[in-house]
Amino acid sequence: MSSGPGVYRSILAVREARWFDIAGFCMRFYGYMMNIGTVAMLTLAGYSVLTAGFVSSAVAFMVFVVSPRIGKLVDEYGQHRVVPVASSITLVGLAGMLVTAQLHGPEPLLYLSALFMGFIPNAQALVRSRWTYLLRTGRLGRNAPDIRTIFSYEGVIDDIGFMLGPPASIAIATAVAPIAGLFSGGVLFAVGSAVMTFSRSTEPVPGWTAADAQVGTDAPKPGGPSSGQLEEDGDSEAPDSSGATSASGGARKAKSVIREYPVVRVLFALMFFVGSFYGIFDTTGVAFAEEMGDPNIASIALMGSALVSVAVGFVFGMVRIGIAPYKQVVLFAVFIGVAYGSLALVFDVPTFFAVSFVGAVFYAPFLITANAACERAVPGRRLTEAITWINAGCTLGLAVGPSLAGVVVEVWGSLASFDMGGAMAVMVPVTALLCFRIIKRDVRSDAYEVVAEIKG
C-alpha cells in the first residue's frame, strides 16, 4: 500500500532534524569523494595510477579498521565529545595529503596521511542514530515519521552523495587544480562536523533506552541523567539471543557490538559482498568500455544506474510492505543477488546496460532494509557502532573488489571479471539464507511497542 510523496513531508517537517541532516549530508558528501578523489588528485599531480590506487585502498582499509571503534566511542561518550576529535584527526590527514600532492612529496607521506584520513566518523550512523533516538523516546509525538520511510529518505541522500560526490571531485580537480576537489570536500566535511557537534539537542544520551520516554514529555538532553540512572528507569529492549543484555552493565562496559550481536556479523558479511561486487562492477565496467572502444559506455551505465537507484529508493519509502522485517532482508538479498549475479551473462553492451539498470532497482531497497534491520536488532544506545560496522563491511568490499577486478582483467579480461562479480553477488542471498535463523531471531518487529503504548 502506498502513502504517496506526502510521507516525506512529515520528515522535512521535523524541525529538530534539519540541522543534523544538513550536517550529515556535508560529511557524507566528502566521504563519497574521498577515495575516487584521492585517485584523481594523485594521478593529476603526477603520481602513477598504481600509487594512487594503493593510497586510496589504504584510506579505505583504515576506515574499515578505525570507524567501528569511533562508533563505539560515540555510543559510550556522546557525539559532541568524539566527533570533533575524530574529525580533526581526519582533517590533519587530509591536509597532509593535499600538501604532499601539491609539492609532489615522497610517497611514504601519502600513506602516512592516508592513515589519519581513515579516522572519519561515519555520518550515516550519526544521523540514523539521532533519528532513532528521537523516535524511540517519543520526542516526535503522534506525527512521527515511519522508521523505514526515514531510512528510505536517508538512503536517497546517500545515493545522491554517491552519485554526485565522485564526479564532482574529479571535475573540480580537473578544472581548477589537482588538490581542489578534495580540498572542497574537506571544507564541506569540516562545516558538517561542526554543525553536527553543536546540534546538541538531538544528540543521543550515552546509555539511553526507549523507556526514557516515560521520564517526561521532554527527552533527556546531553548533560542530563547518566547512563546508570537511565538504566534504573527500565529498558524496553530485551536481551538478545546471544546473551547480550541491552541495559545490564552499562554502555561503557560493553564489548564490541559485532562480537555481542550475531545479526550484526551477518549484516556485515552481506554488506561486504555487496561492496565487493559493486567495486568489481565499477572497475570492470570501465575496462569493458575501453575494450569496446567507447569510454562513455561506463559513464552512461554508472550514472544511469545511480539515477534508477535514487528513484527506486524514493518510491520505496512511500510503500508500506506487509512483510515481517526479517523476511524483507532475506527477500531483497535474494533479489539483489539474482540481479547482479547475472553479471556472468554480460557479453556485449546491451547486456551490460540491462544488468546495470535491473540491478540498480534492488540496490536501494536492500540497503534500506539492511539498515532498518540493524536498527530493530540492536539497542538504540549501541546503534551508532552497529550501523558503522555494517557500513565498514561495504567499505572493505569496495576496497577489495577493485583490486581483485584489476588482477582478473589484466590476466583474463573484463568478461571474466564480470563472472567474478556475479559470483560475489550470489554470495549475498547464499549468506542470508544460511543465516536465516539468526536474522529471524534477532530482527524484531516490535521495536517501538513501548513508545506506541505511551503515545496511545
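The values are calculated or read from the model by the stated rules, or taken from the named source; none is laboratory data. These numbers were taken from a predicted model, which means no experiment stands behind them. Here the Cβ positions follow ideal geometry from the backbone for every residue, glycine too, while neighbour counts run over all protein chains shown. Heavy atoms of the whole protein, side chains included, go into the accessibility calculation; ligands, DNA and RNA do not. Shrake-Rupley method; radii C 1.70, N 1.55, O 1.52, S 1.80 Å.
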message = Take the chain, mark every one of the trypsin sites (Lys or Arg not before Pro) that falls in a DSSP loop and has at most 13 other Cβ within 10 Å, then report the longest stretch left between them, sites excluded.
response = 1-254
ask   = In µm²/s, what is D for the range 280-360 at 4 °C and 1.567 mPa s, where D = kT/(6 pi eta Rh) by Stokes-Einstein and Rh is the Kirkwood radius from Cα pairs?
value = 93
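Applying 1/(1 + (r/R0)^6) with R0 = 41 Å to the Cβ-Cβ distance of Arg320 and Ser88, what FRET efficiency is obtained, to the nearest 0.05?
After rounding, the FRET efficiency stands at 0.45.
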inquiry  = Using +1 at the C-beta of Lys and Arg and -1 at the C-beta of Asp and Glu, which of Gly161, Phe183, Leu140 has the Cα lying farthest in the positive direction of the dipole of the range 135-208?
reply    = Leu140
request  = State the Cα centre-to-centre distance between the range 397-437 and the range 329-351 in whole Å.
outcome  = 11
message = Amide H of Ala144 versus every other amide H placed in the peptide plane: which residues, excluding those fewer than 5 positions away on the same chain, fall under 5 Å?
response = none
For the range 333-456: accessible area per residue (Å², 1.4 Å) = 38
request  = Could you go through the range 77-92 in sequence order and give the Karplus-derived ³J(HN,Hα) for each residue, using 6.51 cos²θ - 1.76 cosθ + 1.60 with θ = phi - 60°, rounded to whole Hz, and x for Gly and Pro?
outcome  = 10, x, 5, 5, 8, 8, 4, x, 5, 4, 5, 5, 4, 4, 5, 5
ask   = Using unit Cβ charges (K, R positive; D, E negative) and no other charged atoms, how large, in debye to the nearest 20, is the dipole of the range 349-438 about its Cα centre?
value = 400
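Of all the accessible heavy-atom surface of the chain, with the other protein chains kept in place and a 1.4 Å probe, what percent is carbon and sulfur? Don't skip to the answer; put the middle values down first.
Working: 12030 of 17900 Å².
Here it works out to 67 percent.
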key: Pairwise centroid distance, computed over Cα atoms, of the range 156-195 with the range 70-94, Å   = 20
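Which value at 222 nm does the chain reach when only helices count, each DSSP H run of 4 or more adding -39,500 (n - 2.57), with the total divided by all residues and rounded to the nearest 500 deg cm²/dmol? Provide the component values of the computation, followed by the final result.
On the way: 18 runs with 337 residues, N = 456.
It comes out at -25000 deg cm²/dmol, rounded to the nearest 500.
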Rounded accessible area per residue of the range 1-100, 1.4 Å, Å² = 41
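What does the extension gain come out to for Ala416 and Glu291, with contour length at 0.36 nm per residue minus their alpha carbon separation?
On the way: separation 125, 0.36 × 125 = 45.00 nm, distance 1.30 nm.
Extra length available between Ala416 and Glu291 comes to 43.7 nm.
Quick check for me: using +1 on Lys/Arg Cβ and -1 on Asp/Glu Cβ, what's the dipole size of the chain about its Cα centre, in debye to the nearest 20? Kindly include the intermediate steps, with their values, before the conclusion.
Numbers: 30 positive and 32 negative charges, 204 e Å.
Computed about the Cα centre, the dipole is about 980 debye.
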query = Where Rh denotes the Kirkwood radius from the mean inverse Cα pair distance, what is Rg over Rh for the range 288-447?
reply = 1.01
ask   = So which chymotrypsin sites (Phe, Trp or Tyr not before Pro) in the range 283-373 are both in a DSSP loop and have at most 13 other Cβ atoms within 10 Å of their Cβ?
value = Phe347
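Please report, in debye to the nearest 20, how large the charge dipole of the range 47-191 is about its Cα centre when each Lys and Arg carries +1 at its beta carbon and each Asp and Glu carries -1 there.
Numbers: 9 positive and 7 negative charges, 112 e Å.
About 540 debye.
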remark   = Between the residues Thr369, Ala306, Gly279, the Cα farthest towards the positive end of the dipole of the chain, that dipole coming from +1 and -1 charges on the beta-carbon of Lys, Arg, Asp and Glu, is from Thr369
Cα gyration tensor shape for the range 257-321, rounded if a/c is under 1.5, else prolate or oblate = oblate
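For Val187 and His80 in the same chain, what is the full-extension length gain: residue separation times 0.36 nm, less their Cα-Cα distance, in nm? Present the calculation step by step, with values, prior to reporting the outcome.
Numbers: separation 107, 0.36 × 107 = 38.52 nm, distance 1.92 nm.
Taking 0.36 nm per residue and subtracting the Cα distance, the gain is 36.6 nm.
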note = Computed over the chain, the relative contact order (Cα-Cα under 8 Å, seq sep at least six) in percent reads 24
ask   = For the chain, with the dipole built from +1 on Lys and Arg beta-carbon atoms and -1 on Asp and Glu ones, taken about the Cα centre, which of Val66, Val55, Ile387 lies farthest toward the positive end?
value = Ile387
